[in-house]
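Here is the structure we will look at, set down as structure tokens.
Each reported figure results from applying straightforward, stated rules to the coordinates on display, with no laboratory input. Because the structure is predicted, anything quoted here is derived from the model rather than measured. In this analysis, Cβ positions are derived from the backbone assuming ideal geometry, glycine residues included, and neighbour counts consider all displayed protein chains.
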Amino acid sequence: MAGPERFRLGDLLIQQKLISEEQLAYALEQQKHVGLKLGRILVNNAFVTEENISEALAKQLSIPYINLKRFRFKPELVRLLPEDQARRFHAIVLEDRNGMLLVGMADPTDLKAADEIARIVKSGIDVAVVTEGQLLESIDRGYWRGQEFTRLD
């Protein structure tokens, strides 16, 4: 898996005209006091949606964005990554693409997590961006409740 370039989320969102410089300045100031990730602060203030951030990341990194609300899960693939690791890395196995697993990650720039996931699933992986909220809901529905993985809608 090739390593993604490093960039600053706020700059990316301004460049893609999703937030203003004033909104970024406000969120960065708030971040100093509350200790949350910048993306969470921007979403909490309704400056952007999780989907906006995920789509912007996908575009910047030239990787797919997958809306888990519309995704058909294959439980046998999802369960290749144990639940505790899926929660730890904020990741979920989505597809087998001719021996390479497509893994949805809330933070696709986390190379250590991607390397560890590849080791756990014993396969090479490609990453896609998913929203953290949809990811956690999918994990809850599929692992925690012991149900089949289903679309969220």
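The figures follow:
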| quantity | calculated |
| --- | --- |
| Two-site label geometry, GLU76 and GLU21: point separation in nm, points 7 Å out along Cα→Cβ | 5.5 nm |
| Positive-end extreme of charge dipole, the chain - chosen from ASN52, GLY39, ASN67 (charges on Cβ) | ASN67 |
| Net lengthening on full extension, LYS112/VAL34 (0.36 nm per residue, minus Cα-Cα) | 25.5 nm |
| 0 to 90° range, to nearest 10: angle between helix 111-121 axis and the chain longest Cα axis | 10 degrees |
| Using alpha-carbon coordinates, inclination of helix 21-34 to the longest axis of the chain, degrees | 70 degrees |
